[in-house]
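One structure below.
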């Protein structure tokens, strides 16, 4: 009975406009930071602003970005992040390589995604049942990495599939497939969080899990689905990597977990949950890639690059913390 | 002594204090009153240095003071006792008396400090407490008194007490009152924020009323009555706190036969009809709210059975009871009643996501119309829609916490403490809306420790003591004295 159109109130529309302006302001702020950085960097090193280099940056951001986008579901749902992404990536890479070399590309792809969903469910149900995502994913990470080594017999698994090779190296309309998939993931995941019931449930559970449970939402379902998203995203990244190099190994992506988490944090997604969007994780990944690229072009040593990216994450956390205090 | 002039405070576009004037003299107790959201807390937080106003001046003894941090506030001789106590339970009492005092020097032995703390404790009526005991062994009222002792030790010249008695019983309130008199007797200007009428008339010399961020000239308490004070706060007459009861009996909605679960020591049997409001009176831990939780499915049924519309009903969790058309609102809205970081419409649609979505996709148009529908039924101002629920006043938060359930069209509403921390005006509104819902056929069961509320709102009353149902009676036949007696001295009442 509330679904009658005639009781629209103009005051309510004004209110929603205020909220929209707030979002717009945040987006503009983010873009300004990036443009300013790109301009300054472009002056000091002209290579930085070439179109080719832009592709390099987006491509570099793609792989981390896809995982960060998927990881943002966990953060938004109030489950912080997973420390198992890199290990899961290695396991998925090995599974994809093994199944593709045995059954061919299409069946291999399907089986791999099946395994990814199962891995997500296993983690999600564990976390939903026993709490702490950090400890649980740390343990699962070891399981995944170990199983990847077992499955691959600790050696390189090679594949020979033209379809996979196309996926890994093609450039439709001059843009690498990885970048297309990265942008597609960002859009789809943004739409899921913003426009679907599941997305709203994810936000509400992150905002206040007790109120979510009291409102009759299923926390275990939301947590599990967030882990499934995270696992599927990781699987997409791992498959693209195997496709590109036609091989997989159990020690792939070693030490990448911080990069994924850094992208989520630099994107400004609150660790407390219930706020933010996967699009922010994508922007975070691009920002870090820009910085990395600039430092590479200017010959910064790897140690210095690492220091600076770490410092950026610390700065990002502090700035967003202070800003949140101000807004309230 | 203290004079605040033309204080302006905005949160974003919202004007919270609009050129507020406020003044207190030495040795007087000034009540600061107003509905939730009127700006009381903001005003005292400005004095405490926790909020910084956009404009206005603060003068103490004719000297302009710039208070931009709690440190400035201390230095200006202002002491602030917040609603949420700032006591460290794991420290001894004397440490809490001198907490934040940097003048004590480096050499501080417990014995010397305890001796120093003793007179301050004595003057707030805590002479029987050894300053060396740990604060966690003290009651809430005693901790409150320790905070007042802290104000004395700092020689605060202006003391601000923000709802010091909200969580206290009558006997404990008396102790706080006498400590406040001690403060004023020493020449301290006391600013006393409260919702409780008896204290205002008992304790304060003058009253300053804030309404929608506007201040009104202070009034002499002795020239006021409860009714005129409520009118001042609301800006209109409050005709009737409680709405008229319903008439006409309808069919039985829910039947409890010998049910027992955590928090109940004896089986409970109750009936409730459609269109009826059943009030369960009882103090904290009496078992009144356990009955609601059993029906909502948040605690398991140990024995007995329930019939809902004549069919056996045994919910395992909230989702179960929600599917059966039951809505449950706990007594702690901050904990599990609202999503503080999300907007009002997002809060209101939370239990009704299936209704505002199709094939898994949300319709923002439907969400907005749902929010508008609930707001019109529950008196929530649509101009709050862009605000985060956590930034609303207590009364509006409670309306959101209750109102969100209207979206699922429930046929049984369970509410614990429907008006905890809600001011007089919003309280009357909530009672009226609940009664309107009951008149529309909804069955409402609420649990409350406020005897007046149970008697005024309910059609039928059940009294609880110590995990047992003492008796049920028609509200028309019950009196405040009888209910109070039931919920405190059950053995006498049952004999």
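The values are calculated or read from the model by the stated rules, or taken from the named source; none is laboratory data. Remember, it's a predicted structure, so these values are computed and weren't measured experimentally. Counting neighbours? That spans all protein chains shown, and the Cβs are built from the backbone with ideal geometry, glycine included.
Remarks
- Check on residue B:370, within 24 Å of residue B:438 (Cα to Cα) and at the interface with chain A (Cβ under 9 Å from one of its Cβ atoms): yes
- When residues of region B:429-442 are limited to those that are in contact with a helix residue (DSSP H, G or I) (Cβ under 9 Å, 6 or more places away or on another chain) and assigned to a helix (DSSP H, G or I), the one modelled with the lowest pLDDT: B:429
- Residue count for region B:385-399, restricted to those that are surrounded by fewer than 24 Cβ atoms within 10 Å (Cβ to Cβ) and within 11 Å of chain A (Cβ to nearest Cβ): 5.
- Summed over region A:193-215, the residues that are touching a helix residue (DSSP H, G or I) at 6+ places or on another chain (Cβ under 8 Å) and free of Cβ contacts under 8 Å to residues at least 40 places away in the same chain give a count of 10.
- The residue list B:275, B:213, B:261 contains one member that is assigned by TED's automatic domain parsing to the domain that holds residue B:411, touching a strand residue (DSSP E or B) at 6+ places or on another chain (Cβ under 9 Å) and on the phi > 0 side of the Ramachandran plot, which is B:275.
Conditions tested, residue by residue: (1) touching a strand residue (DSSP E or B) at 6+ places or on another chain (Cβ under 8 Å); (2) at pLDDT 90 or above; (3) assigned to a loop (DSSP other than H, G, I, E, B).
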residue: B:233; (1), (2), (3): yes, no, no
residue: B:253; (1), (2), (3): yes, yes, no
residue: B:304; (1), (2), (3): yes, yes, no
residue: B:316; (1), (2), (3): no, yes, yes
residue: B:320; (1), (2), (3): no, yes, no
residue: B:331; (1), (2), (3): yes, no, yes
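- Selection from region B:25-48 of residues that are more than 20 Å from residue B:76 (Cα to Cα) and either touching a strand residue (DSSP E or B) at 6+ places or on another chain (Cβ under 8 Å) or not assigned by TED's automatic domain parsing to the domain that holds residue B:217 (or both): B:31, B:32, B:33, B:34, B:35, B:38, B:39, B:40
- Filter result for residue A:151 (more than 22 Å from the chain's Cα centre (by Cα) and assigned to a helix (DSSP H, G or I)): yes
- If you filter region B:218-231 down to residues that are in contact (Cβ under 8 Å) with a residue 40 or more places away in the chain and touching a strand residue (DSSP E or B) at 6+ places or on another chain (Cβ under 8 Å), you find that the one that is nearest to residue B:422 (Cα to Cα) is B:229.
- In the set (1) in a loop (DSSP other than H, G, I, E, B); (2) in contact with a strand residue (DSSP E or B) (Cβ under 8 Å, 6 or more places away or on another chain); (3) within 24 Å of residue B:24 (Cβ to Cβ), the condition left unmet by residue B:190 is number (1).
- Selection status of residue B:117, without any contact (Cβ under 8 Å) to a residue 60 or more places away in the chain, crowded, with 21+ Cβ neighbours inside 10 Å and within 24 Å of residue B:60 (Cα to Cα): no
- Any hit, region A:238-261, residues being within 21 Å of residue A:45 (Cβ to Cβ) and in contact with a helix residue (DSSP H, G or I) (Cβ under 9 Å, 6 or more places away or on another chain): no
- In region B:60-75, the qualifying residues are those that are in contact (Cβ under 8 Å) with a residue 24 or more places away in the chain and surrounded by 14 or more Cβ atoms within 10 Å (Cβ to Cβ), and the one that is nearest to residue B:150 (Cα to Cα) is B:74.
- Matching option when the condition is within 14 Å of chain B (Cβ to nearest Cβ) and either under 22 Å from residue A:282 (Cα atoms) or modelled with pLDDT under 80 (or both), among A:77, A:72: A:77
- Checked against (1) touching a helix residue (DSSP H, G or I) at 6+ places or on another chain (Cβ under 9 Å); (2) surrounded by fewer than 21 Cβ atoms within 10 Å (Cβ to Cβ), residue A:311 passes all but a single condition, namely (1).
- Tallying residues that are facing chain A (nearest Cβ under 8 Å), over 27 Å from the mean Cα position of the chain (by Cα) and in contact (Cβ under 8 Å) with a residue 40 or more places away in the chain within region B:322-365 yields 0.
- Single residue of A:164, A:128, A:110, A:97 found to be closer than 27 Å to residue A:184 by Cβ, at pLDDT below 95 and in a helix (DSSP H, G or I): A:164
- Criterion (touching a helix residue (DSSP H, G or I) at 6+ places or on another chain (Cβ under 7 Å) and surrounded by 24 or more Cβ atoms within 10 Å (Cβ to Cβ)) met by exactly one of A:66, A:125: A:66
- Within the set A:284, A:268, A:274, the sole residue that is modelled with pLDDT of 90 or more, surrounded by 13 or more Cβ atoms within 10 Å (Cβ to Cβ) and part of a loop (DSSP other than H, G, I, E, B) turns out to be A:274.
- Selection within region B:203-226 - more than 21 Å from the chain's Cα centre (by Cα) and outside any loop (DSSP other than H, G, I, E, B): B:206, B:214, B:215, B:219, B:220, B:221, B:222, B:223
- Looking at A:103, A:96, just one residue is in contact with a strand residue (DSSP E or B) (Cβ under 9 Å, 6 or more places away or on another chain), more than 18 Å from residue A:82 (Cα to Cα) and either without any contact (Cβ under 8 Å) to a residue 60 or more places away in the chain or buried (at least 21 other Cβ atoms within 10 Å of the Cβ) (or both), and that residue is A:96.
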